[in-house]
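**Q** Right, I'll just put the structure down here and ask away after.
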Amino acid sequence: MNHDPFIVPSGKTIRIKSYDPDFTGKFKDKEEAQKKLADDIERLAELQDVLYAQDTYALLLIFQAMDAAGKDGIIDHVMSGVNPQGCQVYSFKAPSTEELDHDYLWRTTKSLPERGRIGIFNRSYYEEVLIVRVHPEFLKSQHLPQESMGGNIWNQRYEDINNLERYLVRNGTVILKFFLNVSKKEQKRRFLDRITMPEKNWKFSAADVQERGHWDKYMQAYEDIFNHTSTAWAPWYIIPADHKWFTRVAVADIIVAKLESLKLRYPKLSEEKKKGLLKAKKMLESERD
């Protein structure tokens, strides 16, 4: 699959409107895409096993989106074949009192994946230049020094985030950032489904509709995020999200391609360890059943 239509090029200014949320690529139908997804899930499980054994890289997957774009479904389907021992999922909601007493990157930094593991952030530190920007009143609860509250705060935070991500990449954490690009029309349809279908009522919150009223402000905040923080070392991918089946196969394909590019290998044993294996083999073979 060609990933170029989804990536936000580093150093260039983009508009979200130029990325089609209804795009479905080369697939003829849903069934064809599901077969590709099944293949990628199987391949991802194989790659994760080598990632864990090699213990050199960590993989951080960041998912951001408007409500009802399908983040939970992506995590559920794409990661369905992954060994839970090598995968950690964190969902970041409103910060706690303890979290607000630390710098804004603290709560996510302490949840970063270890080497050999896959970490998934369902929302992330990007909320600090997204929801906090749309609702600047939230800054008051962060108890920042007055000199940090100026009009340049967002550019400073973009710089902080870029520096953090570059540091992580230099130390072996591979970062893939996905924005699930659902249209306002499709979000409305999904909200109505959540209201009218009893088995989906639990997914709906009246606050979601209130946030929908800030749609244009969110789109502007997202554009600024992409234009300031899509880098060569930690790119953003804007994934069409009006068709969940395509969203899942696109994300899975990008993850698999990235892991394959690392040329992961199982660790090579030293001669001493190989001798130990042969000795253990002989001992086991000499046992009487």
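The values are calculated or read from the model by the stated rules, or taken from the named source; none is laboratory data. Bear in mind the structure is a predicted one, so any value in this text is a computation, not a measurement. No Cβ is skipped: glycine too gets one built from the backbone with ideal geometry, and neighbour counts run over all protein chains shown.
**Q** Considering only segment 188-199, state which residues are over 23 Å from Pro240 (Cα atoms) and either touching a helix residue (DSSP H, G or I) at 6+ places or on another chain (Cβ under 7 Å) or assigned to a helix (DSSP H, G or I) (or both). Spell out the reasoning first.
**A** Keep residues of segment 188-199 that are over 23 Å from Pro240 (Cα atoms), which gives 195-199.
Of everything in segment 188-199, those that are over 23 Å from Pro240 (Cα atoms) and either touching a helix residue (DSSP H, G or I) at 6+ places or on another chain (Cβ under 7 Å) or assigned to a helix (DSSP H, G or I) (or both) turn out to be Ile195, Thr196, Pro198, Glu199.
**Q** Follow-up question, since we're still on this one. Taking segment 50-103, which residues are without any contact (Cβ under 8 Å) to a residue 40 or more places away in the chain, closer than 30 Å to Val132 by Cα and touching a strand residue (DSSP E or B) at 6+ places or on another chain (Cβ under 9 Å)?
**A** Cys87, Gln88, Val89, Tyr90, Ser91, Phe92 - these are the residues of segment 50-103 that are without any contact (Cβ under 8 Å) to a residue 40 or more places away in the chain, closer than 30 Å to Val132 by Cα and touching a strand residue (DSSP E or B) at 6+ places or on another chain (Cβ under 9 Å).
**Q** Would it be correct to say that Asn162 is polar (S, T, N, Q), closer than 16 Å to Ser230 by Cβ and crowded, with 16+ Cβ neighbours inside 10 Å? Let's see the steps before the verdict.
**A** On the way: polar (S, T, N, Q): yes; closer than 16 Å to Ser230 by Cβ: yes; crowded, with 16+ Cβ neighbours inside 10 Å: yes.
Yes: the conditions hold for Asn162.
**Q** In the set Ala221, Ala234, Ala241, which member is surrounded by fewer than 21 Cβ atoms within 10 Å (Cβ to Cβ), at pLDDT 95 or above and among the small types (Gly, Ala, Ser)?
**A** Details: Ala234 fails: surrounded by fewer than 21 Cβ atoms within 10 Å (Cβ to Cβ); Ala241 fails: surrounded by fewer than 21 Cβ atoms within 10 Å (Cβ to Cβ).
When all the criteria are applied, what remains is Ala221.
**Q** Every residue in segment 213-244 that is acidic (Asp, Glu) and either touching a residue at least 60 places away in the same chain (Cβ under 8 Å) or touching a Lys or Arg at 6+ places or on another chain (Cβ under 6 Å) (or both), please. Walk me through how you get there before you give the answer.
**A** Quick first cut of segment 213-244, residues acidic (Asp, Glu) only: 216, 223-224, 242.
Of everything in segment 213-244, those that are acidic (Asp, Glu) and either touching a residue at least 60 places away in the same chain (Cβ under 8 Å) or touching a Lys or Arg at 6+ places or on another chain (Cβ under 6 Å) (or both) turn out to be Glu223, Asp224, Asp242.
**Q** Out of all the residues in segment 244-262, which are buried (at least 22 other Cβ atoms within 10 Å of the Cβ) and polar (S, T, N, Q)?
**A** Passing the criteria: only Thr247.
**Q** If we scan segment 199-208, do we find a residue that is under 26 Å from Val251 (Cα atoms) and at pLDDT 90 or above?
**A** Among the residues of segment 199-208, not one is under 26 Å from Val251 (Cα atoms) and at pLDDT 90 or above, which makes the answer no.
**Q** With respect to Arg265, determine if the residue is touching a helix residue (DSSP H, G or I) at 6+ places or on another chain (Cβ under 8 Å), surrounded by 20 or more Cβ atoms within 10 Å (Cβ to Cβ) and basic (Lys, Arg).
**A** Here the answer is no, as Arg265 does not meet what is asked.
**Q** Residues being of a type in the set (S, T, N, Q) and part of a helix (DSSP H, G or I): count how many of those fall in segment 139-187. Before the answer, list the steps.
**A** Step one: of segment 139-187, the residues of a type in the set (S, T, N, Q) are 141-142, 146, 148, 152, 155-156, 162-163, 171, 173, 181, 183, 187.
The next check asks that each one be part of a helix (DSSP H, G or I); those that pass are 141-142, 146, 148, 155-156, 162-163, 187.
The total comes to 9.
**Q** Filter segment 104-141 down to residues that are of a type in the set (Ser, Thr, Tyr) and out of contact with any strand residue (DSSP E or B) (no Cβ under 8 Å at 6 or more places or on another chain) and give me whichever is farthest from Trp154 (Cα to Cα).
**A** At the first step, the residues of segment 104-141 found to be of a type in the set (Ser, Thr, Tyr) are 104, 108-109, 111, 124-126, 141.
If we keep only those that are out of contact with any strand residue (DSSP E or B) (no Cβ under 8 Å at 6 or more places or on another chain) too, we end up with 104, 109, 125, 141.
Working: Tyr104: 13, Thr109: 19, Tyr125: 13, Ser141: 17 Å.
Checking each candidate, the answer is Thr109.
**Q** Picking from Asp216, Asp208, Asp242, which residue would you name as being farther than 26 Å from Arg170 by Cα and either among the small types (Gly, Ala, Ser) or outside any helix (DSSP H, G or I) (or both)? Let's see the steps before the verdict.
**A** On the way: Asp216 fails: either among the small types (Gly, Ala, Ser) or outside any helix (DSSP H, G or I) (or both); Asp208 fails: either among the small types (Gly, Ala, Ser) or outside any helix (DSSP H, G or I) (or both).
Every option except Asp242 fails the conditions.
**Q** Looking at Gln142, Gln187, which one is surrounded by 17 or more Cβ atoms within 10 Å (Cβ to Cβ) and over 26 Å from Ile238 (Cβ atoms)? Outline the logic, then answer.
**A** Details: Gln187 fails: over 26 Å from Ile238 (Cβ atoms).
The match here is Gln142.
**Q** Pairs please, first residue from segment 131-157 and closer than 28 Å to Asp208 by Cα, second anywhere and in a loop (DSSP other than H, G, I, E, B) and of a type in the set (A, V, I, L, M, F, W, C), Cβ atoms under 7 Å, 6+ apart in sequence or on different chains.
**A** Within 7 Å, the pairs are Leu139/Met149.
**Q** Moving on to the next point. So which of Ile16, Ile120 is out of contact with any Leu (no Cβ under 9 Å at 6 or more places or on another chain) and either over 17 Å from Thr247 (Cα atoms) or in contact (Cβ under 8 Å) with a residue 12 or more places away in the chain (or both)? Outline the logic, then answer.
**A** Details: Ile120 fails: out of contact with any Leu (no Cβ under 9 Å at 6 or more places or on another chain).
That would be Ile16, the only listed residue that is out of contact with any Leu (no Cβ under 9 Å at 6 or more places or on another chain) and either over 17 Å from Thr247 (Cα atoms) or in contact (Cβ under 8 Å) with a residue 12 or more places away in the chain (or both).
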